[in-house]
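The values are calculated or read from the model by the stated rules, or taken from the named source; none is laboratory data. These figures come from a predicted structure and were not determined experimentally. No Cβ is skipped: glycine too gets one built from the backbone with ideal geometry, and neighbour counts run over all protein chains shown. We work out accessible area using only protein heavy atoms, side chains counted, and drop any ligands, DNA or RNA first. Shrake-Rupley method; radii C 1.70, N 1.55, O 1.52, S 1.80 Å.
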Amino acid sequence: MNAPHKYLIKGVSVLGRPKTDLLIQDGVVAEGDAKGAEVVDADGLVALPGLVDLHTHLREPGREDAETVESGSRAAALGGYTAVCAMANTSPVADTAGVVEQVYRLGREAGLVDVQPIGAVTVGLAGERLAELGAMATSAAAVRIFSDDGHCVSDPKLMRRALEYVKAFGGVIAQHAEEPRLTEGAQMHEGEVATRLGLTGWPAVAEEAIIARDVLLAEHVGSRLHVCHVSTAGSVEVLRHAKARGVRVTAEVTPHHLLLTDERATSYDPVFKVNPPLRPASDVEALRKALKDGVIDIVATDHAPHAVEDKECEWAYARPGMLGLETALSITLSVLGEDWDLIAERMSRAPARIAGLDGHGHDPVPGAPANLTLVDPAARRVVDPAESASRSRNTPYAGMTLPGRVVATFLRGTPTVLDGKAVK
Ligand SMILES: NC(=O)N[C@@H](CC(=O)O)C(=O)O
């Protein structure tokens, strides 16, 4: 790239503080002589630390028709992200050093965000025997998070062994909490709407029972547990209790579980089919409260692109999952309001800490790595699926007007997004 290595971001508000100028040079936020710097007019814009997504499905290798590392990275940069953790449910599964190194290398080649691969917990996500966790940890990808996401590690003995194994190198097991026996044939949240529609229900207790078991296992082993896409008020209470006991557990919530309810299923539009399913308003309320008070540590997108044939079909045959990277910040902004420090904590600092991504999650102040995003909080935009950088179109927000727009994103001092457009 021929871009200059020096930028002056003029008149920006860092996390809502009074306006200032930020000099970006040689990959860091610098102080000193701005001569020769390219000026970015940031009047009215807010600077945040580059966002970090702990839960992204990039689909490569295997389903490059739905997403590639490059297309997903572009969607991430446009959403204000500078790092994403790529889930292991690819084809082949990311359960060996070879596959995680491939994903890591593809991320570096795309060069739009840092792609940190997540390794599978069990071979082929089959839940039968542990994958080569050590080989993935010592590979060039230096994997620290392991997850069978899409599947639950439902065997308690395997879960215990996995927690014990990763403890040795400070790793973390990210659990997709779903007791499979309780969700056989499930199509949506088990409740009044499912009864009305005649669809098989996915009960809240299927999630809550696994979280309760896992926090006890994590406490017993003294290891780190992360809970993916928490979706019920009952799960929040289990987590609150575990945290009060000092269990080393962290948790995420997705933007869609913070905004949408199971009423959406009445449209029978499979764009609203997701795992775990959309829940009633009382759960949404509890999740919002937990995100504010810290029982839920982070917002993670669970960006789950799917090809047209896997989504535009009958509800029962559709794959679960929704796009998330390009809309997550707007939705979090609509839920938390302009509390920039809290948004930075839940979408950048805390996920960077959990993932051990040392170069990310730093506020854009002199001396920090220049991983940052500039947001226009006053902008409104109507979501148009055709405009997405993703290869897939399954956004549940089509036609909705959302607050906030990412104007620019910098990765180690190089812009990946300028004027709201991807630079490459
Ligand atoms: N969240 C989803 O609805 N889908 C995920 C996997 C999963 O968690 O089922 C996917 O990979 O598509």
| said: Amide H of ALA30 versus every other amide H placed in the peptide plane: which residues, excluding those fewer than 5 positions away on the same chain, fall under 5 Å? | reply: LEU23, ILE24, GLN25, GLY367
| task | Filter the chymotrypsin sites (Phe, Trp or Tyr not before Pro) in region 267-362 down to the DSSP loop ones having no more than 16 other Cβ atoms within 10 Å, then list what survives. | result | TYR268
| said: How much length would be gained if the chain were fully extended between SER334 and LYS289, taking 0.36 nm per residue of separation minus their Cα-Cα distance, in nm to one decimal? | reply: 14.8 nm
| said: At 0.36 nm per residue, and after removing the present C-alpha to C-alpha distance, how many nm does the segment from GLU184 to GLU312 gain when stretched out fully? | reply: 43.8 nm
| task | Over the chain, with every protein chain in place, what whole percent of the accessible area is carbon and sulfur at 1.4 Å, could you tell me? | result | 50 percent
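Over the Cα atoms of region 99-179, what is the Rg over Rh ratio if Rh follows Kirkwood?
Using Cα coordinates only, the ratio equals 0.99.
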| So what are region 139-286's ellipsoid semi-axes, whole angstrom, largest first, if each one is the square root of 5 times an eigenvalue of the alpha-carbon gyration tensor? | 29, 15, 14
| said: I'd like the distance separating the alpha-carbon centroids of region 225-284 and region 22-84, in whole Å. | reply: 27 Å
| said: Over 10 Å intervals from 0, what percent of Cα-Cα pairs in region 34-108 sits in each interval? | reply: 18, 41, 21, 13, 7, 0
| task | Mind listing the long-range amide H neighbours of VAL40? Cut-off is under 5 Å, sequence gap 5 or more, other chains count too, H placed in the peptide plane at 1.01 Å from N. | result | LEU8, ILE9, LYS10
| request: Read phi for every residue in region 326-335 and hand back ³J(HN,Hα) as whole Hz from Karplus 6.51 cos²θ - 1.76 cosθ + 1.60, θ = phi - 60°, with x for Gly and Pro. | output: 7, 10, 4, 5, 4, 6, 4, 4, 5, 8
| remark: Long-range amide H partners of ALA251, meaning residues 5 or more apart or on another chain whose placed amide H is closer than 5 Å, are VAL227, ASP297, ILE298
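Antiparallel versus total DSSP beta bridges in the chain: what percent is that, nearest 5?
Numbers: 28 of 58 bridges.
Of those bridges, close to 50 percent are antiparallel.
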| field | Accessible area expressed per residue, the chain, with surrounding protein chains retained (probe 1.4 Å, Å²) | value | 38 Å²
| note | For region 136-231, listing chymotrypsin sites (Phe, Trp or Tyr not before Pro) in a DSSP loop whose Cβ sees at most 14 other Cβ atoms within 10 Å gives PHE169
| Computed FRET efficiency, Cβ-Cβ of ASP419 and ARG380, R0 25 Å: what is it to the nearest 0.05? | 0.90
| request: Pairs of Cα atoms under 8 Å, at least six residues apart: use those to get the relative contact order of region 108-158, whole percent. | output: 39 percent
| query | Where the centroid of each part is defined by its Cα atoms, how far is region 358-424 from region 146-165 in Å? | reply | 34 Å
| message | Between LEU15, LEU325, LEU112, where does the largest GNM mean-square fluctuation fall for the chain, given springs only between Cα atoms within less than 10 Å? | response | LEU15
| In region 240-271, trypsin sites (Lys or Arg not before Pro) in a DSSP loop with at most 12 other beta-carbon atoms within 10 Å | ARG245
| Derived scalar couplings ³J(HN,Hα) [region 80-87; Karplus, 6.51 cos²θ - 1.76 cosθ + 1.60; whole Hz; x for Gly, Pro] | x, 8, 10, 8, 9, 9, 8, 5
| Where a Cα-Cα gap under 13 Å defines reach, which aspartates and glutamates qualify for LYS19, not counting those fewer than 8 residues away within the same chain? | ASP41, ASP43
| said: If packing is taken as the average count of other Cβ atoms within 10 Å, what order do 122-129, 329-336, 66-73, 341-348 fall into, highest mean first? | reply: 66-73, 341-348, 329-336, 122-129
| message | Which of GLU237, GLU184, GLU101 ends up with the largest GNM mean-square fluctuation for the chain, with Cα atoms connected below 10 Å? | response | GLU184
| remark: With the label point 7 Å along the Cα-to-beta-carbon line of VAL365 and a cut-off under 12 Å to each amide N, the hits in region 1-40 are 14-15, 17
| the chain: proportion of alpha-carbon pairs further apart than 41 angstrom, % | 11 percent
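Express in nm, to one decimal, how much length is gained between LYS35 and LYS19 on full extension, taking 0.36 nm for each residue of separation and deducting their alpha carbon distance.
This chain segment gains 3.8 nm when fully extended.
Relative contact order for the chain: what percent, with Cα pairs under 8 Å and sequence separation of 6 or more?
20 percent
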